[in-house]
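Report on the structure given below.
The values are calculated or read from the model by the stated rules, or taken from the named source; none is laboratory data. Everything quoted here is computed from the prediction, not taken from an experiment. Note: ideal-geometry Cβ built from the backbone for every residue, glycine included; neighbour counts use all protein chains shown.
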Amino acid sequence: MKRAAVTVQTLQAFADAWNRHDINALMSFMTDDCVFESSAGAEACGTRFVGREAVRRGYVLAWQTFPDARWNDARHFVSGDRGVSEWTFTGTRADGQRVEVDGCDIFTFRDGRIAVKNSFRKQRT
């Protein structure tokens, strides 16, 4: 069964699931062969997670690194099979370091789900 096209409301529901730290809800938005390219890592694309189990681990890692992680003031747009979410990320590392940065996710959609989530964050110096 083909799902409805991704909308701004879909991306808001996805953002809401991130803020609830609800891994099962997040994965319900993803294709079976999904890809998550994180905002940090050794490669130019950040750390790349491929497939449902790897993406699940990558998403959970964000909450392990920042147990109080939040993506605030989300704004979204969708154009065909692509979309963007902009947000302000806040979180506290285990060592007590507080982080607040602006960022965005660039999405590729397929069959009404997220096939690729490519994440970017500003780097404070």
Would you call Phe36 within 16 Å of Ser85 (Cα to Cα), among the hydrophobic types (A, V, I, L, M, F, W, C), surrounded by 14 or more Cβ atoms within 10 Å (Cβ to Cβ) and in contact with a Lys or Arg (Cβ under 7 Å, 6 or more places away or on another chain)?
yes
Taking segment 53-86 and the residues there that are assigned to a strand (DSSP E or B) and basic (Lys, Arg), the one that is farthest from Arg98 (Cα to Cα) would be Arg82
Would you call Thr90 among the polar types (S, T, N, Q) and assigned to a strand (DSSP E or B)?
yes
Per-region count, segment 93-115, residues among the charged types (D, E, K, R) and outside any strand (DSSP E or B):
3
Residues of segment 1-44 satisfying the condition of being at pLDDT 95 or above and at positive phi:
His21
Condition first: without any contact (Cβ under 8 Å) to a residue 24 or more places away in the chain and part of a loop (DSSP other than H, G, I, E, B). Can you find one or more residues in segment 116-123 that meet it?
yes
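Hey, could you check segment 79-109 for residues that are among the hydrophobic types (A, V, I, L, M, F, W, C) and without any contact (Cβ under 8 Å) to a residue 40 or more places away in the chain and say which is nearest to Asp33 (Cα to Cα)? Lay out the reasoning, then the answer.
Narrowing segment 79-109 to residues among the hydrophobic types (A, V, I, L, M, F, W, C): 84, 87, 89, 94, 99, 101, 104, 106-107, 109.
With without any contact (Cβ under 8 Å) to a residue 40 or more places away in the chain added as a condition, the list becomes 84, 89, 94, 99, 101, 104, 106.
Numbers: Val84: 20, Phe89: 26, Ala94: 32, Val99: 31, Val101: 29, Cys104: 22, Ile106: 17 Å.
Applying the filter and picking the extreme gives Ile106.
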Can you tell me how many residues within segment 71-107 are small (Gly, Ala, Ser) and out of contact with any strand residue (DSSP E or B) (no Cβ under 9 Å at 6 or more places or on another chain)?
3
Have a look at Phe49, Phe36, Phe14 and point out the one that is among the aromatic types (Phe, Trp, Tyr), part of a helix (DSSP H, G or I) and either in contact (Cβ under 8 Å) with a residue 60 or more places away in the chain or touching a Gly at 6+ places or on another chain (Cβ under 9 Å) (or both).
Phe14
